[in-house]
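Note sheet for the following structure.
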Amino acid sequence: MKEITSADFDGEVLKGGRVVLDFYSTECPPCEALATKFDDLSRLYGNDIKFLKIFRQGNRELAEKLSVKSSPTLLFLNNGQEVSSRLTGGIKRSEIIHNLDSMLPAEKIKEIKSGIKPSVSEFDVIILGAGPGGLTAGLYLCQSKVNTVLIDIALPGGHVSTTHEISNYPGFIEPQAGYMLSHSMSEQTKLCGTIYKVAVDVTKVDLDKKEVVIDEYETVRAKKIIIATGTTPNLTGAPGEKELKGKGISYCATCDAKYYDNKEVIVIGGGNSAVEESEFITRFVNKLTIVHQFDKLTANKQAQDKVFKNPKINILFENEPRAFIKEGDKIVTEVENVKTKARQKLVSDGVFIFIGMKPNIGLFKDKLALDQWGYIKTDEDMRTSIHGVYAVGDVISKKYRQITTAVADGTIAAMAIAKELD
Ligand SMILES: Cc1cc2nc3c(=O)[nH]c(=O)nc-3n(C[C@H](O)[C@H](O)[C@H](O)COP(=O)(O)OP(=O)(O)OC[C@H]3O[C@@H](n4cnc5c(N)ncnc54)[C@H](O)[C@@H]3O)c2cc1C
């Protein structure tokens, strides 16, 4: 792997044959997460594809000329022509491999793959999931000198990193931007010395053997596992939703509200998330209609008061979505009154859906004792039904799912484990 500057671009890239070029920045957690994968893959593919790095801030003009707008951005080129889609943000090893493979003949790929050696690493504790629950457990374990690895399929932070503002996490007088709060939590745990393996594919989890396989070839073993995998937004199940996900239908206001400046959107839901995120979305949009299945909102009183006072927000009670249809630039949401069964079509520029969550237990759901909604049952020390396996945060069976409660669970599990390992 080689570091280049704009001055080398002509020779190294435009006339350089097959190249993968990494535009990186400093103080960029996703760039750090990519660095080891990039380095590792350069050893495998380096004879056939040139691996180059370029410092984005130091070569701003070139970055702008190439329309590189975020760090890291990976470009895949052949003599200066881009031959594969760009990768940005929390880039997975499997995504890079996919693009590299598309640049080489099948025989060559076979030869390279035969050179991949499976690796095994050992820790005291594996934490699956780096949201507030997992990060807190990582911090407490690290401070107890327990050798811990945090594994996440995305970048650290969990839901907090995409929540626009947190006003109820103790210790801060002013509301905090979610991404800043999660960044501080993550840095605190990382600086302590917890090992991070993030933006990876978790291929297999064996809770009995305490073994996790990531990116197909890397086995991580430990004495204990903490499951902190959180939840994923529920879908309405209405026709058109899956097809329009990311194309007008969104589950994240922080990520997407900014694209609806002076436009009109629909929000499906009426609980805390729907109501609080609606309030945020009105910073951008002209008009927002909340579609809620009941005759009153289920959010807390304070959030409801704000919404009722907001002139941009209308509420359509006792209605449920029945279909989402794309018509030109618009999304048509067909809703049905749950009592009269009368249907109407609401035309908007986009739809946000906040109708609750489901636990992320896909890789181990048949192994653990769960409650009737599929959340993991734990005892007061966060132990699950399998010896040496703990679970914390939103993924466990409990009444209240908040950052404070996830953080508390992480603390308890870590202290219990540290005591057991002592
Ligand atoms: C829109 C919204 C607004 C919210 N606002 C607030 C608020 O204002 N205040 C408040 O206190 N709470 C709020 N919450 C709730 C709060 O975000 C959660 O309670 C908290 O994030 C739970 O933390 P967690 O660590 O259990 O899970 P999460 O934050 O969900 O993190 C789970 C992590 O596990 C990872 N993961 C998933 N599957 C796997 C796998 N198989 N292997 C490895 N890693 C995996 C995910 O990528 C993620 O990083 C809000 C939630 C939402 C959705």
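The values are calculated or read from the model by the stated rules, or taken from the named source; none is laboratory data. Keep in mind the model is a prediction, meaning the values are calculated, not measured. Counting neighbours? That spans all protein chains shown, and the Cβs are built from the backbone with ideal geometry, glycine included. All accessible areas refer to the heavy atoms of the entire protein, side chains included, with ligands and DNA or RNA removed. Shrake-Rupley method; radii C 1.70, N 1.55, O 1.52, S 1.80 Å.
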With DSSP loop assignment and no more than 11 other C-beta atoms within 10 Å, the trypsin sites (Lys or Arg not before Pro) in the stretch 279-308 are Lys296
At R0 = 60 Å the Cβ-Cβ FRET efficiency linking Thr232 and Ala106, nearest 0.05, sits at 0.95
Karplus-derived 3J(HN,Hα) from phi for the stretch 2-17 (6.51 cos²θ - 1.76 cosθ + 1.60, θ = phi - 60°), whole Hz, x at Gly and Pro, runs 9, 8, 10, 10, 4, 4, 8, 4, 4, x, 7, 10, 5, 10, x, x
Quick calc, the stretch 73-151, dipole around Cα centre from Cβ unit charges on Lys, Arg (+) and Asp, Glu (-), nearest 20 debye, gives 40 debye
With the 1.4 Å probe rolled over protein heavy atoms, the chain has an accessible area per residue in Å² of 50 Å²
Here the percent of antiparallel bridges among DSSP beta bridges lying wholly in the stretch 69-191, to the nearest 5, is 60 percent
Pseudo-spin-label distance Lys365 to Asp305, built 7 Å along Cα→Cβ, given in nm, is 4.1 nm
A chain fully extended from Ala342 to Asp201 at 0.36 nm per residue, minus the present Cα-Cα distance, gains in nm 46.2 nm
Taking every DSSP bridge whose two residues both lie in the stretch 322-422, the antiparallel percent to the nearest 5 is 95 percent
Taking a crude spin-label model, label points 7 Å out from Cα along the C-beta direction, the Asp48 to Tyr259 distance in nm is 3.5 nm
With a 1.4 angstrom probe the carbon and sulfur portion of accessible area for the stretch 112-176, in percent, totals 53 percent
With all protein chains present, the stretch 221-355 has a carbon and sulfur share of its accessible area (1.4 Å probe) in percent of 49 percent
Ordering Arg60, Arg401 by the accessible surface of their heavy atoms, 1.4 Å probe, largest first, yields Arg60, Arg401
Under 5 Å from the placed amide H of Gly271, counting only residues 5+ away or on other chains, we find Thr298
Rounded to the nearest 500, the 222 nm mean residue ellipticity computed for the chain from DSSP H runs (n ≥ 4, each -39500 (n - 2.57)) alone is -8000 deg cm²/dmol
Projecting the Cα atoms of Phe123, Ala177, Thr148 onto the charge dipole of the stretch 99-205, where Lys and Arg contribute +1 and Asp and Glu -1 at Cβ, the residue farthest towards the positive end is Phe123
With DSSP loop assignment and no more than 12 other C-beta atoms within 10 Å, the trypsin sites (Lys or Arg not before Pro) in the stretch 69-103 are Lys69
Rounded to the nearest 10 Å², the accessible area of Asp371 using a 1.4 Å probe with every protein chain kept is 30 Å²
To the nearest 20 debye, the chain has a Cα-centred charge dipole, built from +1 on Lys and Arg Cβ and -1 on Asp and Glu Cβ, of 560 debye
With +1 on the Cβ of every Lys and Arg and -1 on the Cβ of every Asp and Glu, the dipole magnitude of the stretch 318-401 about its Cα centre, in debye rounded to the nearest 20, is 180 debye
When the charge dipole of the chain is computed with +1 on Lys and Arg Cβ and -1 on Asp and Glu Cβ about the Cα centre, the Cα farthest towards its positive end, among Ser273, Gly193, Tyr217, belongs to Ser273
For the stretch 205-337, percent of DSSP beta bridges that are antiparallel (nearest 5) comes out at 60 percent
Correct response: the longest run of the chain lacking exposed GluC sites (Glu not before Pro), defined by DSSP loop and at most 10 other Cβ within 10 Å, is 28-379
By the Cα gyration tensor axes a ≥ b ≥ c (a/c under 1.5 gives rounded; else a/b larger than b/c gives prolate, otherwise oblate), the shape of the chain is oblate
Under the Karplus relation with 6.51, -1.76 and 1.60 and θ = phi - 60°, whole-Hz ³J(HN,Hα) for the stretch 328-341, x at Gly and Pro, equal x, 7, 9, 10, 9, 9, 8, 10, 10, 6, 5, 8, 8, 6
Heavy-atom accessible area with a 1.4 angstrom probe orders Met415, Met180, Met103, most exposed first, as Met415, Met180, Met103
Diffing the stretch 148-160: the Karplus 3J(HN,Hα) column from phi (6.51, -1.76, 1.60, θ = phi - 60°), in whole Hz with x for Gly and Pro, holds 10, 10, 9, 10, 9, 6, 10, 7, x, x, x, 4, 4
Computed over the chain, the relative contact order (Cα-Cα under 8 Å, seq sep at least six) in percent reads 14 percent
Each label sits 7 Å from Cα toward the beta-carbon; between His387 and Lys209 the label points are separated, in nm, by 1.8 nm
Once amide hydrogens are built 1.01 Å from N within the peptide plane, the residues lying 5 or more places from Ser250 or on another chain with amide H under 5 Å from its amide H are Val351, Phe352, Ile353
